[in-house]
1. Taking the stretch 108-135, which residues are buried (at least 16 other Cβ atoms within 10 Å of the Cβ) and among the basic types (Lys, Arg)?
2. Given the conditions (1) loosely packed, with under 11 Cβ neighbours inside 10 Å; (2) within 15 Å of the ligand (Cβ to nearest atom); (3) in contact (Cβ under 8 Å) with a residue 60 or more places away in the chain, report the number of the one that Phe176 does not fulfil.
3. Considering only residues that are farther than 14 Å from Thr72 by Cβ and of a type outside the set (D, E, K, R), which ones fall in the stretch 5-22?
4. Just name the residue that is surrounded by the most Cβ atoms within 10 Å (Cβ to Cβ) out of those in the stretch 151-167 that are without any contact (Cβ under 8 Å) to a residue 60 or more places away in the chain and among the polar types (S, T, N, Q).
5. Working carefully through the options Thr152, Thr161, find the one that is more than 30 Å from Arg19 (Cβ to Cβ) and within 11 Å of the ligand (Cβ to nearest atom).
6. Can you confirm whether the stretch 81-89 contains a residue that is within 16 Å of the ligand (Cβ to nearest atom), in contact (Cβ under 8 Å) with a residue 24 or more places away in the chain, on the phi > 0 side of the Ramachandran plot and surrounded by 18 or more Cβ atoms within 10 Å (Cβ to Cβ)?
7. Hey, could you check the stretch 90-141 for residues that are polar (S, T, N, Q) and closer than 30 Å to Gly75 by Cα and say which is nearest to the ligand (Cβ to nearest atom)?
8. Applying the selection to the stretch 182-192, what residues are surrounded by fewer than 18 Cβ atoms within 10 Å (Cβ to Cβ) and either among the aliphatic types (A, V, I, L, M) or within 7 Å of the ligand (Cβ to nearest atom) (or both)?
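What follows draws every value from the coordinates through simple rules; no lab data is involved. Model, not experiment: these values are computed from the prediction. Glycine also receives a Cβ, built like all others from the backbone with ideal geometry; neighbour counts cover every protein chain displayed.
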Amino acid sequence: MSEKGISLAVIKRLPRYYRYLGELLENDVVRISSKELSERMHVTASQIRQDLNNFGGFGQQGYGYNVEYLHTEIGKILGLDKKYSMIIIGAGNLGQALANYSDFERKGFVLKGIFDVNPVLKGVSIRDTPIMMMDELEEFLKKNSVQIAALTIPKSKAPQTAQRLVKLGIKAIWNFAPTDLHLPEGVVSENVHLSESLMRLSYSLKSKEEDPE
Ligand code: NAI
């Protein structure tokens, strides 16, 4: 359970609600019923009612949810009302792709630096953020308060680099390297493995081919 007594299963679904509510807000939708939202999101209306009842934000029956209120409340639960500073470790294909994606900043994740060991990359800028060398990391983190590090380096280098980052005060690791990190208490991590997602897709495809409706 989270600090507000919301189950982890609900928390995992919140980013999707947040995205849909954000799109509704952009389209100036003020209220939406659970039925309408369920049709858009392909989730049952009762699941939506159960999930969103954690936050209030609705009037009398049939009145619908207040889109702006729910969007703000869910944003607060997810910590999106704050700004976080982030660095990227590993400026290869994936690291550069993340650095090039400006939408993270709009969500409050501000890219402060990119680090690599390849001297060819030194000083190359990605969207105005210069790539620095790993031997500049200590100095940089002394001068800049950074909470999150994205790890986009080879698997063999990930565990030791994660330890180094933790020693330097990094509190959250967004791990793309295909390895499980063992981090001390107080440091959180989130693993992103696109290939696992592809394997799930492969399973669904295979099941459909074996059992077409
Ligand atoms: P890449 O080879 O293009 O980039 C890796 C970069 O890390 C290089 O620039 C290299 O110089 C740098 N590097 C190596 N050792 C380092 C160290 N100790 N400190 C800092 N930088 C270091 O590889 P790519 O394609 O960008 O993949 C990076 C990592 O992400 C790999 O571990 C790969 O398996 C993983 N990956 C994960 C995906 C996912 O879904 N989680 C998808 C694609 C790649």
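1. Result: Lys112, single match.
2. The number of the failed condition is (1).
3. So in the stretch 5-22, the residues farther than 14 Å from Thr72 by Cβ come out as 5-13, 15-16, 19-20.
Gly5, Ile6, Ser7, Leu8, Ala9, Val10, Ile11, Pro15, Tyr20, listed by residue number.
4. Out of the qualifying residues, it is Gln163.
5. Working: Thr152 fails: more than 30 Å from Arg19 (Cβ to Cβ).
Of Thr152, Thr161, the one residue that is more than 30 Å from Arg19 (Cβ to Cβ) and within 11 Å of the ligand (Cβ to nearest atom) is Thr161.
6. Of the residues in the stretch 81-89, the ones within 16 Å of the ligand (Cβ to nearest atom) are 86-89.
Going one step further and asking which of them are in contact (Cβ under 8 Å) with a residue 24 or more places away in the chain, we end up with 86-89.
So of that shortlist, the ones also on the phi > 0 side of the Ramachandran plot come out as none.
Scanning the stretch 81-89, I find no residue that is within 16 Å of the ligand (Cβ to nearest atom), in contact (Cβ under 8 Å) with a residue 24 or more places away in the chain, on the phi > 0 side of the Ramachandran plot and surrounded by 18 or more Cβ atoms within 10 Å (Cβ to Cβ), so the answer is no.
7. The initial filter retains those residues of the stretch 90-141 that are polar (S, T, N, Q), namely 93, 96, 100, 102, 118, 125, 129.
With closer than 30 Å to Gly75 by Cα added as a condition, the list becomes 96, 100, 102, 129.
Working: Gln96: 8, Asn100: 12, Ser102: 19, Thr129: 15 Å.
So the residue we want is Gln96.
8. Those that are surrounded by fewer than 18 Cβ atoms within 10 Å (Cβ to Cβ) and either among the aliphatic types (A, V, I, L, M) or within 7 Å of the ligand (Cβ to nearest atom) (or both): Val187, Val188, Val192.
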